[in-house]
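See structure below.
The values are calculated or read from the model by the stated rules, or taken from the named source; none is laboratory data. Keep in mind it's a predicted model, so treat the numbers as computed, not measured. A quick note on method: Cβ atoms are made from the backbone with ideal geometry, for glycine too, and the neighbour counts reach across all protein chains shown. What goes into the accessible areas is simple: the full protein's heavy atoms, side chains included, and nothing from ligands, DNA or RNA. Shrake-Rupley method; radii C 1.70, N 1.55, O 1.52, S 1.80 Å.
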Amino acid sequence: MITMDHIIREGDTVLREVADVVSLPPSEEEKSILKDMLQFLKNSQDEQIAKEYNLRAGVGLAAPQINVSKRMLAVHFEDFNGKQYSHALFNPKIVSHSVEKTYLSTGEGCLSVDREVPGYVPRYARITVKGIGLDGYEVKLRLKGFAAIVFQHEIDHLNGIMFYDHINKVNPFQEPENATPAD
Ligand code: NB4
Ligand code: NI
C-alpha cells in the first residue's frame, strides 16, 4: 500500500526528470504499480483510511512522485458538475488543446510539496488526452475545466515540471491572458 512515506518531495531530482515512455504492453509490475497509485488516491479520499494512515488527500498522482520515472498517472475525482473521473494511464499525451486558458482561483498544491505556494497556475481550458488504460486499450478523453487542470498537473510531473514553475514571478495573482477561472 502506498502511503505518504513513499511520496518523493521537492528537491529530489526524480521530480525534475523527463520520465521514460512505458514500452507496450506494460509489464505485470508496471500494471501493479499503476493500480496501487489509483488505490492510493481512493484511500486518500476515504476519511477513515486517510486518518488511519495519515494520508493527504489527492485527486491525481504521477509515477515519478513514488520514485518511478515512467510515464504513468492516475486520477480519481469528481468535477464541479459531479461527473466522476477515475483513470489510470500509461503514456498519456495531450494531443490537442484550446487557446483559452483556465486556472483554479485557490491555486494548486502538490503532494510532493510540503508548503503553500500562492498564485494562479495557468492551464489550457480544454485538452484532449490519449493514453493506454490498465486493460491495454487506448483511451481518448476530452476534458475541460477542473478535469483538464488535474491531467495537466500530472502530465507536467512526467516532464519534470512543478506547478509553481507556471506561476507569474512578479505578480502571482496576475490573471493569465485569455483565461477564466475554473471555479
Ligand atoms: C494534484 C492536484 C493539484 C491541483 C484541487 C485539489 C487536492 C492533489 C494534487 C490540480 C491537481 C496531487 C499530484 C485535493 C482536492 C477536492 C475534492 C473530494 C473529497 C478530498 C478531495 C480533495 F485533495 N487538490 N490535493 N492535491 N498531486 N482538490 N480535493 N475532494 O490532488 O501532487 O501530482 O476527497
Ligand atoms: Ni503534484
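Every condition in (1) open to solvent by 10 Å² or more (accessible area, probe 1.4 Å); (2) of a type in the set (Val, Ile, Thr); (3) within 16 Å of ligand 2 (Cβ to nearest atom) is met by Val113 except one, and the failing one is (1). Filtering region 159-172 for residues that are more than 24 Å from Leu24 (Cβ to Cβ), touching a strand residue (DSSP E or B) at 6+ places or on another chain (Cβ under 7 Å), open to solvent by 30 Å² or more (accessible area, probe 1.4 Å) and without any contact (Cβ under 8 Å) to a residue 60 or more places away in the chain leaves an empty set. All of Phe40, Phe80 fail the test of being at pLDDT below 95 and within 15 Å of ligand 1 (Cβ to nearest atom), apart from Phe80.
Going through (1) under 15 Å from the mean Cα position of the chain (by Cα); (2) within 13 Å of ligand 1 (Cβ to nearest atom); (3) not hydrophobic (A, V, I, L, M, F, W, C) one by one, Asp114 falls short only on (1). Scanning region 31-82 for residues that are assigned to a strand (DSSP E or B) and either open to solvent by 20 Å² or more (accessible area, probe 1.4 Å) or of a type in the set (S, T, N, Q) (or both) yields Lys70, His76, Glu78. The residue list Ile161, Ile149, Ile167 contains one member that is under 18 Å from the mean Cα position of the chain (by Cα), over 26 Å from Val21 (Cβ atoms), within 13 Å of ligand 1 (Cβ to nearest atom) and aliphatic (A, V, I, L, M), which is Ile167.
Restrict the check to region 141-150 and report whether at least one residue is among the aromatic types (Phe, Trp, Tyr), in contact with a Ser or Thr (Cβ under 8 Å, 6 or more places away or on another chain) and surrounded by 20 or more Cβ atoms within 10 Å (Cβ to Cβ). No, because not a single residue in region 141-150 is among the aromatic types (Phe, Trp, Tyr), in contact with a Ser or Thr (Cβ under 8 Å, 6 or more places away or on another chain) and surrounded by 20 or more Cβ atoms within 10 Å (Cβ to Cβ). When residues in region 102-137 are screened for being under 19 Å from Glu175 (Cβ atoms) and outside any strand (DSSP E or B), 12 of them pass. Against the numbered list (1) outside any strand (DSSP E or B); (2) away from ligand 1 (no atom under 14 Å from the Cβ); (3) buried (at least 21 other Cβ atoms within 10 Å of the Cβ), Val99 comes up short only at (3). Looking across Ala182, Ala88, one residue alone is surrounded by 18 or more Cβ atoms within 10 Å (Cβ to Cβ), closer than 25 Å to Lys42 by Cα and within 13 Å of ligand 1 (Cβ to nearest atom). It is Ala182.
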